[in-house]
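To start, the structure under review is shown below, and the notes come after it.
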Amino acid sequence: MRKFNALSLQQKVWLTITAFLMLAVLLLYAVAVYIYENIYITNVEQRLLQEGMNIAAKYKGGALTDSFRNTVSIINDISDTEIVLVNNPRELSACLPFEVDHHSVISEQERQRLLAGETVTKKGYEQTFDRHIVGIIIPLLDEHRLMGILYLYVPLASIEEVIARMQTFVALGGILFLFITIFVGRKIAMHLTKPLQHMQQAAYRVSQGDFSVQVEVETEDEVGQLAKAFNQMAHALAKEDERKKEFLANVSHELRTPLSYVKGYSEALLDGVVKDEAQQKKYMKLIHREASRMQRLVRDLLDLAQLEGTYPLVRTPFSIAQLIEETAEKYERMMQEKHVHLLLDLDHDLVVDGDPDRIEQVLQNLLDNALRYTPSGGNITVRTTKRDTMCELTIADCGQGMSKQDLERLGERFFRTDRSRSREHGGTGLGIAIVKQIVKLHGGFIHFESERGKGTTVYVQLPLYDAI
Amino acid sequence: MRIRLSILLIIVLLTSCTPQTYTPINREQAVVGVVNIKEQSLSFLDYNTKKLLATWPLKQPITKAVLLPDEDTIILFGQDMDEMIAYTLSTGKETKRWSVHKGVTDVLATERELLVVNEKKGTVSIMTFDGKVTDTIHTAPSPFAIVEDDKHRQWIVIHFKDGAISFIDQATKRVKRTVDTLDSAVIGLVVTETDELWVGGHGGGANVQQEVFVHSLVDGRMIARVPAKTMPIQFLQSDQSIYVLCHGSNMLYTFNPKTKRMINARDIGANPFAMTKVKDEIAIASYDSNELVFVDDKTLKQTKTVPVGNGPFYVFFRDAKEE
């Protein structure tokens, strides 16, 4: 068994197919021989019985006459069957109680059956004739007297010859079939295992970092499905790898810019290039601003990493309208500075089941974005409505909007519709990604609608407490 | 509970030790007894009514039964039995059993003793009626049957395998002469008036015996061959004739003892093995048809056929006790 397990799948399939086919052939052969032998011998027995009965019908009781003997003798001469008429009492086991030291043609048991009028069938070696036979013994009865027997037999050798001839044919056929079986079995096994081998090689290449590999899908069966799944996996891995690279590039890029600001301004200050105190202060402010940006960036990255892991939400029922109002208050000064109007259309009856701190983060990120892109004198509208079991929160701005392509990429890390402008506006490029993750954790939905020049609307659906 | 069990056990043991009791055969009845070897039983028929009186299911491989001179005791034995058993007919009880060597084929009961022929041992043992061996006579191989010749003070033993006759002197209890005869001989008949011994049997090998061999009682030489087809295996003598039963041809013949000419012939039964004289009838055991056939001793015509047990092989007659 251990040896079998050590074999390759192809060898196992090959061996199994070959073994089963050979077993089937052997069984078929055994059944064929059995049926043949039975049918043949049964046929012979029936023929002998019929022939014997026809002869026995000529016996009319009493002592066996010469005429009857002659009849039997003539039939014996012209028939293929050996027909023996026995009437010697000793051969008929008549003397048996006296323990006669003589092998009779029939045994005591057979004599009893013949006396009862039954016929006796013989098959196998018969000492009387010193050969293998198939025979029938028919009693010649005169009431209770066994006057004689008709022993009809056919030498079994002829039957065995037929079987022997068949055996040669079957043996030759069997050997030929065996070779075909081995060949076909190997082909089938190869056909079945070839895609698996390809997949194994492909998997190895993937493990070595080559995600471009693709397995050829030749069939629609389980192996074909596996190949398809493998290709999808390789594709997903390639995509993920790309995203990872992009992410790293983004992170380093995002950090490099503020770092170079900090490094440049601080060097200028240290070198004493800037003598003017007002100028020095301005440089210090710039260094501070860039340090803050890096701090925000690191904080957002940490948040996102946590949210993408197993972040535990502290869910509690809370009034979404109240939370919006409280958050809006924090933006009041900034709005006034930028001359942006915040319009609230809130349903105070809606109680959301969620983590208020995280939802506040959602609101802040979305309002930050809205405020960032809304021009001076513009409006931001925040609305809450009930949609079946959900609370729909809508934040609409009247900013520059974005293209369809950009809309699709919204939520990707460090994606900005306008990189330079965004950095200028102070965003980290992770806000929407964080929002999406929080909404997802709450079991809610988010989608964006936007049109260039007309602004962007964000729709966030959160589960209502009543619905639970 | 334990006491009850013990009592039960004792009863079982006692019953198993107690010899089997069979249906008693009234001493006042004339009966014909038949040994059925296939079913290993004894059948008793009332001679007068020819009806079955009783069957003793002995379940022992007995081949023959010998009636003792008291006419109430039978001794049962068989070639494959290592004991001989005596039963009293009038009580149906076993009276004695004693060990013997396997191979007992014939027993001759004289007035005083039993002569037990053992084919396997090649001996004739002289025993008392209760089984004590007083003398053992060694004979030629395969002794099969024994007959008494009082006139010449000798016992004659018929040998089965080698086809021989041994003459044993009653006085010296030694074999005085052994002569050849037909093969597979099974029976001898002493014909006193002619000083002849008629010998019958199966014949050797594939040869089927077609004649009775007649030997001299005086010197053992063969005097004549009497045609009797086929396989004469049983003889009887009456005043006028000798009866010869042939199992190979199912024939019963009568011969004149002096002229040895056939008087009468009749085919009887199916594979008949044994016969006995029953008053003015002869009872013949028809082995294959499991019947007892009665024939008139003069005409040989069948008078009655009575079904008996399976495989009737030996038959004997016990007359009623006269008051």
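If the viscosity is 1.567 mPa s and the temperature 4 °C, what translational diffusion coefficient in µm²/s does Stokes-Einstein give for the protein assembly as shown when Rh comes from Kirkwood over Cα pairs?
Working: Rh = 39.0 Å.
For the chosen part, D equals 33 µm²/s.
Give the aspartates and glutamates whose C-alpha is closer than 19 Å to that of B:LYS298, dropping any in the same chain fewer than 8 places away, or say none.
B:ASP239, B:ASP267, B:ASP280, B:GLU281
Quick one: A:CYS398, B:CYS246, fewest Cβ neighbours within 10 Å first, how do they rank? Present the calculation step by step, with values, prior to reporting the outcome.
Values: A:CYS398 21, B:CYS246 25.
Exposure proxy ranking, most exposed first: A:CYS398, B:CYS246.
Rounded to the nearest angstrom and ordered from largest down, what semi-axes does the equivalent ellipsoid of region A:239-304 get from its C-alpha gyration tensor (root of 5λ)?
Numbers: eigenvalues 203, 31, 7 Å².
For region A:239-304, the ellipsoid semi-axes come out as 32, 12, 6 Å.
Determine the shielding of peptide A:84-95 by partner chains: average, over its residues, the number of Cβ atoms on other chains within 10 angstrom of each Cβ.
Working: counts 0, 0, 0, 3, 7, 11, 12, 2, 2, 1, 11, 13.
That works out to 5 on average.
Report the one residue of B:PRO272, B:ILE168, B:CYS246 whose Cα lies farthest in the direction of the positive end of the charge dipole of region B:143-295 (charges on C-beta: Lys and Arg +1, Asp and Glu -1; origin at the Cα centre).
B:ILE168
Express the relative contact order of region B:24-318 as a whole percentage, based on alpha carbon pairs under 8 Å and six or more residues apart in sequence.
Here the relative contact order equals 12 percent.
Return a whole-number percent for the relative contact order of region A:12-161, with Cα pairs under 8 Å and 6 or more residues apart as the contact set.
On the way: 183 pairs, mean separation 34.9, N = 150.
It comes to 23 percent, rounded to a whole number.
Explain nothing, just the number: dipole magnitude of the protein assembly as shown about its Cα centre with +1 on each Lys and Arg Cβ and -1 on each Asp and Glu Cβ, in debye rounded to the nearest 20. If you can, show how the numbers build up before the last one.
On the way: 91 positive and 101 negative charges, 346 e Å.
Taking the Cα centre of the protein assembly as shown as origin, the dipole is about 1660 debye.
What residues have an amide H closer than 5 Å to that of A:VAL351, excluding those fewer than 5 places away on the same chain, when H is modeled at 1.01 Å from N in the peptide plane?
Amide H to amide H, under 5 Å and 5 or more residues apart or across chains, A:VAL351 pairs with A:TYR465, A:ASP466.
Lysines near B:LYS121 by alpha-carbon distance under 29 Å, same-chain residues fewer than 8 away left out - which ones?
Result set, ordered by chain and number: B:LYS38, B:LYS59, B:LYS64, B:LYS96, B:LYS102, B:LYS132, B:LYS151, B:LYS161, B:LYS173, B:LYS176.
For chain A, return all DSSP H helices satisfying: extent of Cα atoms along own axis at least 20 Å; mean Kyte-Doolittle hydropathy at least 0.0.
Values: long enough: A:9-56 (69 Å, 0.86); A:156-207 (71 Å, 0.73); A:222-271 (71 Å, -0.51); A:277-308 (46 Å, -0.81); A:320-338 (26 Å, -0.98); A:356-373 (25 Å, -0.59).
Qualifying helices: A:9-56, A:156-207.
Normalised by the number of residues in chain A, what is the relative contact order in percent for Cα pairs under 8 Å and 6+ residues apart? List each step's numbers first, then the result.
Details: 593 pairs, mean separation 46.0, N = 468.
It rounds to 10 percent for chain A.
What residues qualify as long-range amide H neighbours of A:LEU344, i.e. H under 5 Å apart, gap of 5 or more or another chain, H built at 1.01 Å from N?
A:VAL382
Taking only Cα atoms, what is the 0 to 90° angle, nearest 10, from helix B:2-17's long axis to the longest principal axis of chain B?
Roughly 10 degrees between the two axes.
Rounded to the nearest 0.05, what FRET efficiency is calculated for A:ALA63 and B:THR23 with R0 set to 41 Å and r the Cβ-Cβ distance?
Details: r = 41 Å, r/R0 = 1.00.
So the FRET efficiency works out to roughly 0.50.
Got a sec to turn the phi values of region A:135-144 into Karplus ³J(HN,Hα) couplings, 6.51 cos²θ - 1.76 cosθ + 1.60 with θ = phi - 60°, whole Hz, x for Gly and Pro?
Each residue's phi maps through the Karplus curve to give x, 10, 10, 10, x, 10, 9, 10, 6, 8 Hz.
Would you list which lysines come within 17 Å of A:LYS263, measuring only between C-alpha atoms, while excluding same-chain residues fewer than 8 positions from it?
Here the lysines satisfying the reach criterion relative to A:LYS263 are A:LYS281, A:LYS282, A:LYS285.
No lab work stands behind these numbers, since they all come straight from the coordinates. This structure is a prediction, so every number in the text was calculated from the model and none was measured. Glycine gets a Cβ as well: all are built from the backbone with ideal geometry, and neighbour counts include every protein chain shown.
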